[in-house]
Structure formats: C-alpha cells, structure tokens
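Asks: Encoded as structure tokens, here's the structure I'll be asking about.
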Amino acid sequence: MLGKLQGWSDTIAALATPQGIGAIGVIRVSGKEAINIVNDLFPSKDLEKQPSHTLHVGYLKDGDKTIDEVVISLFVAPKSYTGENVIEISCHGSHYVQQQIMHALSNHGARLAKPGEFTQRAFLNGKLDLAQAEAVADLIASNTEASKRTALKHMRGGFSGILKELRDQLIKFSALIELELDFSQEDVEFADRIGLLTLLESIEKQVTQLLQSFALGNVIKNGVQVAIIGKPNAGKSTLLNTLLNEERAIVSDIAGTTRDTIEETLNIDGILFRLIDTAGIREHTSDIIESIGVERSLEKMREADVVVYLFDVNETSPEDLKSIVEEFENKHIKYLLIGNKADLQPLETYASKFNEIPRIIFISARENRGIDSLKRQLFVHAIGNNNLMDDTVVTNARHVEALEKIRQSLQDIIEGLNNKIPGDLLALDIRRCLHYLGEITGEITNEDQLDYIFSKFCIGK
Ligand code: GDP
C-alpha cells in the first residue's frame, strides 16, 4: 500500500502553528531527507551527527542570508510522530520569517505538505491506526472538556482496543472453521457451534452498545441544540441573559465548518448547549403578530434536540399547561417545563397550583433562583445515564456506518449457524464481518478513502 501513495517518498514541510503573528511559530519537516535539508540551512552544527530527541539553537541561513535565530528539535526515524526523520523548527512568530523559511526549505528539496499528511504518514507507518488518527483531528477541533476527553481516549486507542478484541475473537473461530474446510471429506467439526453462537451474540451486544453510544458521541462532539420558547413576557430574554452571564462558552472557529448564524452557547460541565435563534428571543415580540411568533416557534422546535418551555407561573393556568404538555407529547418533542417568576409568592403555592403536572422546575430568571437545577436537568437530558468518564463512545459517522455493517454481518452469521449452513458459507460471512471491522481501524482501506479522511485535517498536522 505504501508505495502506491503519490509523493510518499517526498520530504514534506509545513507551518504547524496558526498563521499570523505570535511569540513563536513551529515549522515541521518530515521525510528521509528532512535532516539533510535542514542541515544545509543550519551552518552552526552538523545535525546529521546529533542524537535523536535533542534541541539545537543557532542561526538559519539561506546561503549568505541570515533568516532567523531558531531552535531545532531533532527526531530520528523511526522514533517520531510520523515514523520518519522529523525536524521541528521553532522560529519567531512573524509571517515574513516563516515564509522565508518555507521558501528556503522548498529550494532545498522539501515540498509543502498536504492537509493531514503528517498524520497520514504516521498512520501508514503504523504509529497510529485509522481510528486513532481521526481522533487527532477531533482533538484539534474539540472545544469542551468532554469532547477533548473522548478524543484523547480514542487517540490513545481505547476504541481501537475494543475493536481489536472483537476481531481477535472472531479470527480464532474463523481459523477453526477454515480448518474444517481442509478436512471437508471427513465431515468433522472442530469449531464448537454453540460456543460460536454465544460469542457472536456477545459481540453483537457490544457492537449494538457502541452504536447506541453514537447519540452521546454526537452530543459530546457537536453539542445539544436547545430552543427556549414561551409566550411573550414569559421571561425568555431574562433567562437567556442569566444563563449567558454565568456560563457563556468560548467557541473557536473550527476549520471546515461555516456558521451562517451567530449562536449563543453554554458550557455546562463540559457539554456544549447551542441556543437556537437567540436573536429572535432578544427581539421585542409585542409588535409581531401572534401567528408569525407561532410559526417561528414551531420551526425552532423542529430544529431542537430539547425544548425549554418557559411559562409565567402567575399567569398560566394548569389547564393551559396541560394542553401544551399534550401537544409536546403528541409531536414527540423532548421538553423541559420551566415555571418562571416563582418569586412573587411562596414556592409551595406554585407547587400546589401545578401539582398534577410532573417535573416542573420552578425558577426566577430575574433573581437567579433555580438556575442550577435547570442546568442540571439540561445536562442529564443530554447524557442520560451514561458515564462520561468511563464509557467508550463512538463519535465518528464513518465508524457508525462500518459498525452497522458489522452488526448486519454478525446477524447473517448467527442466522447461518441457526440454519446449519455449510462451513464454507459460514467462513465467507465471518470474513466479511472481519473486513468491516478492519475498515474502522484501517487494516483494510483504499487510497480514496484515506485521502478523504486526511483531507479534513489542517495543513501541518
Ligand atoms: P420575554 O418576552 O419572554 O423575552 O420576556 P422578558 O425576559 O422580556 O421579561 C418580561 C418581563 O418579565 C420583564 O419585565 C422582566 O423583568 C420580567 N421578568 C422576567 N423574569 C422574571 C422573574 O423571574 N421574576 C419576575 N418577577 N419578573 C420577571
């Protein structure tokens, strides 16, 4: 596979830190000639003679011209990120200096790296499997504690470890079945069919669990869409301000995603909650005819993962609230009921007024009461009974697709076993299942797929 990739033997270089002015910038060079090429530009020492994992300070020169004073980090193959010779040049964070260094490197035989090419090489050199390489991209894009933790876990091979175990178990059985085929004349069965069935069912259970974890994975990676809706004057903008004053999340732009609307986000215990159409909430609704308001609410509810329904506990009758709850239930909308302005009378008064309707959270948006319970409910709603610290969570749509094929092929094998199909057909089904498992970790890939996956990285990674 290695030889087939275009430009595989080239030495590549790229700026690994963001473009723009900074204290320092790092330029990464990887490939057989990396040390040689940088050596040409670094007269103060012979880098070829230096041991791996060492740092060297000196001037970088292109001919007579001094470019910058730099620190060189030296990693000799195979002990580097890519598995090749790698040099990292820490230079001053000026765009001009970095351009000159890149220019000099290219004059001496390096070429500009493609997006993700360093990580792609790490993968092809067996430093990471594909699921781990993808986690590198997720880690770079992560913007909350939970998404960082999940990406880091995948990067360290948590997910790959589980798949490898499933694969090993299946391989053992497939070996026994294949052995039977060699003795097909003698009509013997080495592979214990009952044992195989038990194993397959347990694998299928694990695969199903992984598939189910994708919902949570999605929450961790992309956040939860929340719509705050309610009648005019219920206190929506007051609630929004109270929430945002405390926990406004800082979200950086993620390469490759475009946002056509500005959205407000909340970070609650590491999960990102995206508030839909907050501009609409802030607008004064009094002069908008009711029907437009309703239209807009419906649209927001359809977009949302959860609706926060805010009502004024003093102005709302239990009957009205019941009919709204019914409507949510009928439309299968997930909702939280939040009774606002619970500060004008004692809380018990409100609790008994609405005692027939379960799970109302009483708050006062203006006085900042009950807001913690509201946040806790949002968080619980998002992650369910899962344990964010321990569970392995699937976050990648490509993995889900492969896992679905795995589950289907497992069901085929189980059905085949139950119908006592011949060993050669069984072996075929098992091989198909192994193939899909290998697709996730990259034991089985094609070049187009690889190019697609790595093209989503940034240059320099
Ligand atoms: P919106 O139309 O749903 O966005 O409602 P606003 O946030 O503009 O609030 C409408 C009115 O209710 C304003 O006068 C707020 O000061 C008042 N209000 C909002 N929250 C509370 C609360 O918790 N308690 C009380 N007593 N008044 C509130």
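The values are calculated or read from the model by the stated rules, or taken from the named source; none is laboratory data. On a predicted model such as this, the values are computed, not experimentally measured, just so you know. Positions of Cβ are backbone-derived with ideal geometry, glycine not excepted, and every protein chain shown enters the neighbour counts. Surface areas here come from the heavy atoms of the whole protein model, side chains and all, with no ligands, DNA or RNA. Shrake-Rupley method; radii C 1.70, N 1.55, O 1.52, S 1.80 Å.
Asks: For residues in segment 200-216 being open to solvent by 20 Å² or more (accessible area, probe 1.4 Å) and among the aliphatic types (A, V, I, L, M), which is modelled with the lowest pLDDT?
Replies: Within segment 200-216, the match that is modelled with the lowest pLDDT is A215.
Asks: Of all residues in segment 295-314 being assigned to a helix (DSSP H, G or I) and away from the ligand (no atom under 12 Å from the Cβ), which is most open to solvent (accessible area, probe 1.4 Å)?
Replies: Initially, segment 295-314 is screened for residues assigned to a helix (DSSP H, G or I), giving 295-303.
From the residues that got through so far, the ones that are away from the ligand (no atom under 12 Å from the Cβ) too are 295-296, 298-303.
Numbers: E295: 106, R296: 88, L298: 49, E299: 106, K300: 15, M301: 26, R302: 173, E303: 99 Å².
Ranking the qualifying residues of segment 295-314, first place goes to R302.
Asks: Determine, yes or no, whether A135 is touching a residue at least 40 places away in the same chain (Cβ under 8 Å) and either outside any helix (DSSP H, G or I) or open to solvent by less than 30 Å² (accessible area, probe 1.4 Å) (or both).
Replies: Judged against the criteria, A135 is not a match.
Asks: Is it the case that S317 is more than 23 Å from R302 (Cβ to Cβ) and away from the ligand (no atom under 14 Å from the Cβ)?
Replies: Answer is yes for this residue.
Asks: Which strands (runs of 3 or more DSSP E) does segment 1-116 wholly contain that include 1 or more residues that are free of Cβ contacts under 8 Å to residues at least 60 places away in the same chain and not β-branched (V, I, T)?
Replies: Filter on segment 1-116 gives 54-62, 65-75.
Asks: For segment 48-58, state whether one or more residues are modelled with pLDDT of 95 or more and buried (at least 22 other Cβ atoms within 10 Å of the Cβ).
Replies: Looking through segment 48-58, none of the residues is modelled with pLDDT of 95 or more and buried (at least 22 other Cβ atoms within 10 Å of the Cβ).
Asks: Going through segment 364-377 one residue at a time, which ones are within 16 Å of the ligand (Cβ to nearest atom) and out of contact with any strand residue (DSSP E or B) (no Cβ under 6 Å at 6 or more places or on another chain)?
Replies: Of everything in segment 364-377, those that are within 16 Å of the ligand (Cβ to nearest atom) and out of contact with any strand residue (DSSP E or B) (no Cβ under 6 Å at 6 or more places or on another chain) turn out to be S364, R366, E367, N368, R369, I371, D372.
Asks: Inside segment 142-154, can you point out the residues that are of a type in the set (A, V, I, L, M) and surrounded by fewer than 20 Cβ atoms within 10 Å (Cβ to Cβ)?
Replies: L152
Asks: Across segment 329-375, what is the number of residues that are part of a helix (DSSP H, G or I) and basic (K, R)? Talk me through it step by step, then tell me what you get.
Replies: Quick first cut of segment 329-375, residues part of a helix (DSSP H, G or I) only: 329-330, 347-353, 371-375.
Among the residues that remain, those that are also basic (K, R) are: 353, 375.
The number of residues fulfilling the criteria is 2.
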